[in-house]
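I have placed the structure first, in the form of structure tokens, so that the comments after it can refer back to it.
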Amino acid sequence: MAALDDGASYRISAAKGPYFLCDRRVVEDHWLVERYVVPPERYPRNPLIVREHAWEGTGPRMGGSVLRDPSTGAFRMWYSIRDKHAAENRLPFSYNVCYAESEDGIAWRKPSLGVFHFNGNSNNNCIKLGTDRTQNIDVCLNPKPGVYPGRYIAIHNQVGGVFVSSSEDGKTFTRLFDLPAIPYHSDTHNNIVYDEVRDRWLLFCRPRAFAGYHRRRVALQTSHDLQHWTHERTILVPAEDEMPEYYGMTVFRRGDLLFGVVQIYDKDTGFIHGELAWSGDGECWDFLPHHPVFISRGSEGEWDAGMVMVAESPVDVGDQMWFYYGGFALQHNETERENVSSIGLMIAQRDRLIGLRPRDDNPGFVLTRPFMVAGRSLIVNAVVSGSVAAEVRSDDNKAIQGWSFEDCDPLTESSFAAEIRWKGRSLAQLGETEVRLIFRIENASLFTLDLVTPRS
């Protein structure tokens with residue numbers, strides 16, 4: 001099987017699909033098409049979570065995570081709050097982390113956990129991390145329960161650096177190691193992702209070395225055991241024509257690609273919005289060249305008009321991806337008024353994040369890199385008003401007889417998972433043949449392809 005040549009040993013069947021057609025490892029060439037970002041839509045009854053209790057300070061902010069319990073389907077959220085009393089008295093860390101839960105992801109409750117004392121009272125929904133206070137948390141389901149204890153793995157920023165902890169119930173966390181994963185204060189939503197393709201952990205943070213007066217950049221550390229980490233290395237620096245600071249980045253995996261929502265900080269205005277980046281390995285990242293907004297601020301006067309920051313990863317709900325985000329009424333530079341924060345929801349369609357569409361009324365074409373069919377059928381995610389057709393080509397870029405555009409049964413309806421066939425035949429019938437695919441897109445958008453072994 002031929003490798004997709006991006007300088008790495010990437011192969012189209014080496015990892016779990018779907019395969020995104022914005023990815024240069026998947027696409028060899030394209031003609032008369034453009035890539036575009038599809039921003040998620042705001043839930044009409046936002047915000048969903050607002051300040052209700054004294055210990056929530058200036059209000060809930062999304063310096064945390066939202067997960068869905070794989071066994072019950074219930075939603076769990078860890079969100080940050082700013083403790084005004086601690087800030088005013090200059091106590092170590094003026095932040096804390098609270099817990100909420102929901103059956104449907106819309107109506108949330110804040111249960112009294114009884115594990116953290118606030119002004120001498122434990123009747124609150126603050127979690128316990130084995131320390132007094134913490135700033136932000138990032139929680140993921142434990143991918144290796146036989147290696148690490150508990151259902152959840154988390155990283156959190158507190159006195160001494162960023163530490164790794166685990167928890168069985170998501171309410172009380174215990175440090176896995178005495179030494180921090182990051183031995184300095186990384187003042188952002190530090191983000192941990194397990195890379196199952198390479199069996200390693202990726203930790204996105206701020207660097208300690210920087211050229212200007214501030215460290216608002218994105219750095220990466222990696223580890224195979226959560227204990228021994230590489231030196232942090234800056235991986236995202238704004239280009240000359242961009243806003244000069246990246247406030248942070250939350251990263252999540254979809255199929256064979258990592259996506260990052262980069263927090264773009266305009267130092268002059270104080271506004272923060274989110275832009276979408278993607279990477280095959282977590283180290284080298286791509287943006288669309290015109291930098292479209294992915295997570296937008298609300299309109300002037302709205303609760304989220306100043307800053308917006310998403311949770312680590314979206315939650316799958318049917319054919320939708322739910323992005324929970326924290327919004328601030330004021331911008332980052334505001335100091336004269338209290339900047340109240342709340343949490344809302346934006347909804348995207350499944351894996352329809354970056355699409356390919358014709359530039360004009362003419363058809364557009366997308367050519368894949370070579371791959372082995374290996375008895376698999378071709379599945380695509382597309383929004384179609386016109387048609388999407390595919391031609392199967394050999395290595396000399398000529399159509400294989402019987403598998404041309406003329407033989408294709410074109411896709412004429414939108415679908416998240418439509419099989420493309422040729423006179424009723426599945427691509428799987430080509431067995432172990434090495435092929436390329438070229439798609440013809442007319443008045444349609446193509447997002448992903450997948451290769452699936454048919455059920456017997």
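For the range 183-286, with only Lys/Arg (+1) and Asp/Glu (-1) charged at the beta-carbon, what is the dipole magnitude about the Cα centre, in debye rounded to 20?
Computed charge dipole of the range 183-286: roughly 380 debye.
Run through all the Cα pairs of the chain and give the fraction in each 20 Å bin from 0, expressed as whole percent.
Answer for the chain: a P(r) of 24, 53, 21, 2 percent.
Express the carbon and sulfur contribution to the solvent-accessible surface of the chain as a percent, rounded to the nearest whole number, probe 1.4 angstrom.
Carbon with sulfur: 47 percent of the solvent-accessible area.
Apply 1/(1 + (r/R0)^6) to the Cβ-Cβ distance of ASP29 and PHE118, taking R0 = 41 Å, and write down the FRET efficiency to the nearest 0.05.
It comes to 0.10.
Would you list which lysines come within 30 Å of LYS110, measuring only between C-alpha atoms, while excluding same-chain residues fewer than 8 positions from it?
LYS84, LYS128, LYS144, LYS171
Please report, in debye to the nearest 20, how large the charge dipole of the chain is about its Cα centre when each Lys and Arg carries +1 at its beta carbon and each Asp and Glu carries -1 there.
Roughly 1000 debye, rounded to the nearest 20.
Any chance you could run the full-extension gain for ASN333 through VAL50? It's 0.36 nm times the residue separation minus the Cα-Cα distance, nm to one decimal.
99.7 nm
Calculate, for the chain, the solvent-accessible area per residue in square angstrom, rolling a 1.4 angstrom probe over the heavy atoms of the protein chains.
43
Distance between Cα centroids, the range 328-360 to the range 391-456: provide it in whole Å.
A separation of 36 Å, based on Cα centres.
Can you give me the relative contact order of the range 395-456 as a percent, contacts being Cα pairs under 8 Å and 6 or more apart?
Relative contact order here is 28 percent.
Can you tell me the FRET efficiency between ASN362 and LYS267 if r is taken as the Cβ-Cβ distance and R0 is 45 Å, rounded to the nearest 0.05?
0.60
Could you pull out the GluC sites (Glu not before Pro) across the range 33-67 that fall in loop regions by DSSP (anything but H, G, I, E, B) with no more than 14 other Cβ atoms inside 10 Å?
GLU52
Using the Cα atoms of the range 166-243, I'd like the radius of gyration and the largest Cα-Cα distance, Dmax, both in angstrom.
Cα-based Rg and Dmax for the range 166-243 come out at 14.5, 46 Å.
Whole percent per 5 Å bin, from 0 to the bin with the longest distance: what is P(r) over all C-alpha pairs of the range 299-445?
P(r) over the range 299-445, rounded to whole percents: 2, 9, 14, 15, 12, 11, 9, 8, 6, 5, 5, 3, 1, 0, 0.
How high is the FRET efficiency from ASN397 to GLN227, r the C-beta distance, R0 60 Å, rounded to 0.05?
Taking R0 as 60 Å, the efficiency between ASN397 and GLN227 is 0.75.
Could you pull out the trypsin sites (Lys or Arg not before Pro) across the range 390-445 that fall in loop regions by DSSP (anything but H, G, I, E, B) with no more than 11 other Cβ atoms inside 10 Å?
For trypsin sites (Lys or Arg not before Pro) across the range 390-445 that sit outside H, G, I, E and B with at most 11 neighbouring Cβ atoms in 10 Å, the list reads LYS398, LYS423.
Tell me which lysines have Cα within less than 27 Å of LYS423's Cα, excluding those fewer than 8 residues away on the same chain?
In chain and number order, the partners are LYS398.
Once you have all Cα-Cα distances for the range 284-347, histogram them in 10 Å bins from zero and send the whole-percent values.
For the range 284-347, the binned pair fractions read 20, 40, 31, 9, 0 percent.
DSSP loop trypsin sites (Lys or Arg not before Pro) in the range 287-355 with at most 14 other Cβ atoms within 10 Å of their Cβ, which ones?
Loop-located and lightly packed - ARG337.
Which peptide among 240-249, 400-409 comes first, and what is the full order, when sorted by highest mean count of other Cβ atoms within 10 Å?
240-249, 400-409
The values are calculated or read from the model by the stated rules, or taken from the named source; none is laboratory data. Everything numeric in this text was worked out from a predicted model, so none of it was measured. Every residue, glycine among them, receives a Cβ derived from its backbone with ideal geometry; neighbour counts consider all protein chains shown. Please note that ligands, DNA and RNA were not included when accessible areas were found on the heavy atoms of the full protein model with its side chains. Shrake-Rupley method; radii C 1.70, N 1.55, O 1.52, S 1.80 Å.
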